[in-house]
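Comments concern the structure below.
The values are calculated or read from the model by the stated rules, or taken from the named source; none is laboratory data. Given the structure is predicted, the values throughout are model-derived calculations rather than measurements. Note that each Cβ is placed from the backbone with ideal geometry, even for glycine, and that neighbours are counted across all protein chains shown.
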Amino acid sequence: MSELLTEERIEELEIPAELPVLPLKETVVFPQSMTPLAIGQERSVKLVEDAVDGERLLALVTVNNPEAEQPGWDDLYEIGTAAVIHKLIRVPDGTLRILVQGVRRIRLDRRLHDNPYLVGQFSEVPDEVDESPEVEALTRNVQTLFGRVIASVPYLPDELELA
């Protein structure tokens, strides 16, 4: 599962309810985005190594208390992103560099384990957008502004206006 997941493959991917939790400081990983991460804490290195040996799936949850040295359950937001580890590079100093791809938004339902790293039970949070006149108006405004940006920047191709 190390190849990039297409939107279709992401939708088909089954996310287990139980996932190891990698706390992220000052970083948010969104579904379908690719993000490089540096892993240095001993328990996080163990988590990533275990995940790579298994399904390559983990929960990425942002820390709401950036002062916490070893973030615990009370230092985390309850919404995170299920992600796949695509690439792992071991650095000589013992740290890791990984490339993750966000898959889906998830919500922490239950705290399962604290050692050797955090493991939680999660449920998927569906992306629901209710169509309304306000959403349609905002969409049109964004499209219009994007068209103006493309038209005013000479080195951007005109084809971007069609996007």
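Residue by residue, here is whether (1) surrounded by 11 or more Cβ atoms within 10 Å (Cβ to Cβ); (2) in contact with a strand residue (DSSP E or B) (Cβ under 6 Å, 6 or more places away or on another chain); (3) within 21 Å of Gln32 (Cβ to Cβ) holds:
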site: Gly94; (1), (2), (3): no, no, no
site: Val103; (1), (2), (3): yes, yes, yes
site: Leu112; (1), (2), (3): yes, yes, no
site: Asp127; (1), (2), (3): no, no, yes
site: Pro133; (1), (2), (3): no, no, no
site: Arg140; (1), (2), (3): no, no, no
site: Gln143; (1), (2), (3): yes, no, yes
site: Phe146; (1), (2), (3): yes, no, yes
site: Ser152; (1), (2), (3): no, no, no
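Go through the stretch 12-51 and give me each residue that's more than 22 Å from Asp74 (Cβ to Cβ), among the polar types (S, T, N, Q) and outside any loop (DSSP other than H, G, I, E, B).
Thr35, the sole residue that qualifies.
Kindly list, by first and then second residue, each pair from a residue in the stretch 56-82 that is assigned by TED's automatic domain parsing to the domain that holds Leu19 and closer than 15 Å to Phe30 by Cα to a residue that is in a strand (DSSP E or B) and among the hydroxyl-bearing types (Ser, Thr, Tyr), limited to pairs with Cβ atoms under 6 Å and residues at least 6 apart or on different chains.
From residues that are assigned by TED's automatic domain parsing to the domain that holds Leu19 and closer than 15 Å to Phe30 by Cα, the pairs are Leu60/Thr81; Tyr77/Thr62.
Would you kindly identify the strands (runs of 3 or more DSSP E) lying entirely within the stretch 76-163 that contain at least 2 residues that are in contact with a Lys or Arg (Cβ under 6 Å, 6 or more places away or on another chain), among the polar types (S, T, N, Q) and at pLDDT 95 or above?
Of the strands (runs of 3 or more DSSP E) lying wholly inside the stretch 76-163, those with at least 2 residues that are in contact with a Lys or Arg (Cβ under 6 Å, 6 or more places away or on another chain), among the polar types (S, T, N, Q) and at pLDDT 95 or above span 119-124.
Only residues in the stretch 95-118 that are farther than 13 Å from Leu47 by Cα count as the first member; pair them with residues that are surrounded by fewer than 15 Cβ atoms within 10 Å (Cβ to Cβ) and among the hydroxyl-bearing types (Ser, Thr, Tyr), Cβ under 8 angstrom, at least 6 apart or cross-chain, and list the lot.
Gln101/Ser33; Gly102/Ser33; Ile106/Ser123; Arg107/Ser123; Asp109/Ser123
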